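Below is one structure, written out as structure tokens; comments come after it.
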Amino acid sequence: MINYVLHIVIISEIFALFAVGLQLQIGDTGLYNFGHVAFFGLGAYASALLTVHGVPFLVSLVLSLGIAGGIAWLVGFPILRLRGDYFGLAMLGFAEIMRKAFLNEAWLTRGPMGIPGIPRPSFFGFTVKGLPGFAVLYGGLLLLAFLFVHHVVRSPLGRVFHAIRDDEYSATAVGKDTFRLRRVSLVIGTLLAALGGVLWAHYITFISPSDFTLNETILVLLIVVLGSGWGIPGSILATFLVIGFQEGLRFLPLPESFGRIVAPVQQMAFGLVLILLVMRQHLKGLGKGEQLAED
């Protein structure tokens, strides 16, 4: 039982990194990124491919984050010219392109067969093996990520992010390069998602394209929405609550017939969250347009 609880804690820590990156983009900058899972997968695949070919874990970690961050910077150049839900849908399309690449480029990713035998994290002659070691290591990385993002949000850069979220036109009017700063927010969030992907790959030791679907993005969107009132700490707390609730359902004495409707209901709930987010962004855009017309 203790091992299972530790497993839930580790999975929650991984997804909390994923959620913190998305909270920075959506909650603090107003970037409705529906393709966040693409960078989670990029981090996982890059580190897995590097380490199974003998690259040390720390080197592969740095290279994986660099690859994901570089791709985010390049992708952001055309896509960030879009606004609101158009940006979100473009990122959703990018995530699907990446998933198809993971699936079809079998010469590199082994396609649907996935990549097995991913080594455990190892650095300075020490290899993480037991669940307590993973919980401590991943918890430490989550704490560092929280402190970093907390510092960013409270810094002058974070205040500009908030200005872009609240009224990008006003931020532009006072001389802020909102296009470049939105790319910065996209890249920072991407690095956190990629870090989560790296940790996922080296904990599970096997990855496949089915790990990086729209379901994972919408799950983290749900987490961000639930924790939005409390910022970064709220997203972390919501992650532990949602993951714990999902896993806790396994122990409930539910009727066997109930199991057949869980997945469809979950898909419906995820779809509803996506629709509400798009509607919220659309209504927000209409409100800004009316305010500009009045001015």
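Here, each number is a calculation from the coordinates, and none is a lab measurement. Predicted model only: the values in this text are computed from it and were never measured. In this analysis, Cβ positions are derived from the backbone assuming ideal geometry, glycine residues included, and neighbour counts consider all displayed protein chains.
For this structure, a couple of remarks:
- Summarising the label geometry, the points placed 7 Å from Cα in the beta-carbon direction at residue 237 and residue 150 lie 1.3 nm from one another.
- Judged by the mean number of other Cβ atoms found within 10 Å, the most tightly packed of the peptides 33-45, 140-152, 157-169 leads the ranking 33-45, 157-169, 140-152.
- For segment 185-253, chymotrypsin sites (Phe, Trp or Tyr not before Pro) meeting the loop criterion (DSSP other than H, G, I, E, B) and having at most 15 other Cβ atoms within 10 Å: 206.
- A Förster radius of 41 Å combined with the Cβ-Cβ distance from residue 100 to residue 157 puts the calculated FRET efficiency at roughly 0.75.
- Full-stretch length increase - residue 206, residue 83 - with 0.36 nm per residue and alpha-carbon distance subtracted: 40.6 nm
- Segment 105-201: radius of gyration over Cα atoms, expressed as a fraction of 2.2 N^0.38 Å: 1.52
- Rounded if a/c under 1.5, otherwise prolate or oblate - segment 42-85, Cα gyration tensor axes: prolate
- Sequence-separation-based contact order of segment 104-203, relative, with Cα cut under 8 Å and 6+ spacing, percent: 27
- Close amide H pairs (under 5 Å, H built 1.01 Å from N) link residue 207 with 115, residues at least 5 positions away or on another chain.
- Kirkwood hydrodynamic radius of segment 1-135, Cα pairs, Å: 16.6
- Rounded to the nearest Hz, the phi-derived 3J(HN,Hα) couplings of segment 217-225 under the Karplus curve 6.51 cos²θ - 1.76 cosθ + 1.60 (θ = phi - 60°) are 4, 5, 4, 6, 4, 4, 4, 5, 5, where x marks glycine and proline.
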